[in-house]
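Report on one structure; see the data block that follows.
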Amino acid sequence: MPRIDQFVPSFARHDAIGNHVLQLRRLFHGAGYDSEIFFEHIDPRLAGQARHFEEADPRPDADRVLLYHASTHTDMNDWLISAGAAGQRIVVDYHNMTPARYFSAWEPRAARSMEQGRLQLAQLAPYVTGAVADSQYNADELADFGIHGAVVCPILLDLSDYHLAPEPAVAARLTSHPLWLFVGRLAPNKCQHDVVAAFAAYHRLYQPGSRLAIIGGATSRRYESELRFLADRLGVAGAVDFVGSAPFPELLAYFHRADVFVCLSEHEGFCVPVIEAMELGVPVVAYEAAAVTETVADAGLLLADKDPMVVAHAVHELLADDARRSEAVEKGRARAAAFALDATSQRWLNELGRIAPPGRSTHSPTPPSVTL
């Protein structure tokens, strides 16, 4: 039986990539493929769902494909290169890697790891027989690494989960309006400092009763400290909630109460939270950069300038005009529907025959990159 084994450096619970990997395994099994998940690091709550990559059989198999989820520096890269050099087929599913420049001033060690991760992908490139990317932006980045012809298949999201009941205690507590929301790990590339600055301008000029909720764990504690200092210096520390990582029902409560989702990130490979916001009827105001532009498309307000006054005024105009806000909500829900699990699963199924055709002979150790 043909098989597609997935290799994921960090297999986490309630993580976009981790959920995607689990959905792919379900999809592969339904399509008649054997499939296992192999990890380098794993959330203990997922124990039993996967095995360490060193337990994988390194010998090439004409009926097997190794699907590697590239998103970070990993010790499994050498293992994959060895498997590819021996003739095993390797397909990369690229979720993007943050450029080191965003972290060099904050977390030099993390920046070096990011540099190494991108270097590793270039080293793996000669052994890659096909590629998938979450966005065209990611596909273009893959070409820079020497991996060409990637097919764009969005990350698999079960949006029905977002219609579960929110945490009632949190929802009851969130009474201030307007409520700005941003969801994403605290990281320099996500530019929460710009969100805080724009919110401060809005709070001062338009709505002194407004609040901002920033949800996400900290990738850089130094950056988190500076964000808190910035909120204090701008006089909005009492109106900005740094929620941290929130359990899913609490996250839903924030989405249900939010009036606007503001994303001023400069580097995203897809940006799942904007889809979550649109699915739940929260209008999106976003900086036009990286993959955010194509993920949002015409379903949100995209800004070419993220000067705090520009952002504050844009949010004010959107929320002050009921008809315009309703149109943004309607367009957002229609856009989110394009990423519904049925639709994205079908796109993956349409490509499976080319990603993992059964019985193909092993390839040359240094093949040209090919379109799936």
Give me a count of the residues in segment 213-238 that are hydrophobic (A, V, I, L, M, F, W, C) and touching a residue at least 40 places away in the same chain (Cβ under 8 Å).
3
Only one residue in Asp75, Asp63 is closer than 24 Å to Trp348 by Cβ, surrounded by fewer than 22 Cβ atoms within 10 Å (Cβ to Cβ) and out of contact with any Ser or Thr (no Cβ under 9 Å at 6 or more places or on another chain). Which one?
Asp63
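Each row is one residue, and each column tells you yes or no for (1) part of a helix (DSSP H, G or I); (2) on the phi > 0 side of the Ramachandran plot.
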| residue | (1), (2) |
| --- | --- |
| Gly209 | no, no |
| Glu224 | yes, no |
| Leu230 | yes, no |
| Gly235 | no, yes |
| Gly238 | yes, no |
| Val243 | no, no |
Identify, please: which residue in segment 14-37 is touching a His at 6+ places or on another chain (Cβ under 7 Å) and of a type outside the set (Ser, Thr, Tyr) and is, among those, nearest to Phe248 (Cα to Cα)?
Ile17
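Closer than 23 Å to Leu142 by Cα and either in contact with a Pro (Cβ under 8 Å, 6 or more places away or on another chain) or without any contact (Cβ under 8 Å) to a residue 24 or more places away in the chain (or both): which single residue out of Arg26, Arg101 fits that description?
The match here is Arg101.
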Taking the condition within 25 Å of the chain's Cα centre (by Cα), within 19 Å of Gly84 (Cβ to Cβ) and surrounded by fewer than 21 Cβ atoms within 10 Å (Cβ to Cβ), does Glu54 pass?
no
Quick check on my filter: what residues within segment 252-278 are over 16 Å from Gln192 (Cα atoms) and either out of contact with any Ser or Thr (no Cβ under 9 Å at 6 or more places or on another chain) or part of a loop (DSSP other than H, G, I, E, B) (or both)?
Leu252, Ala253, Tyr254, Phe255, His256, Ala258, Asp259, Gly269, Phe270, Glu276, Ala277, Met278
Considering only residues that are under 29 Å from Arg13 (Cα atoms) and of a type in the set (Val, Ile, Thr), look in segment 163-220 and name the one that is nearest to the chain's Cα centre (by Cα).
Val183
Which of the helices (runs of 4 or more DSSP H) contained wholly in segment 62-150 include at least 1 residues that are closer than 17 Å to Ser10 by Cβ and not aromatic (Phe, Trp, Tyr)?
76-85, 108-124
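Values in this text are rule-based calculations from the coordinates and carry no lab data. All figures in this text were calculated on a predicted structure; none of them were measured in a lab. Methodologically, a virtual Cβ is constructed for each residue, glycine included, from the backbone with ideal geometry; neighbour enumeration extends over all protein chains shown.
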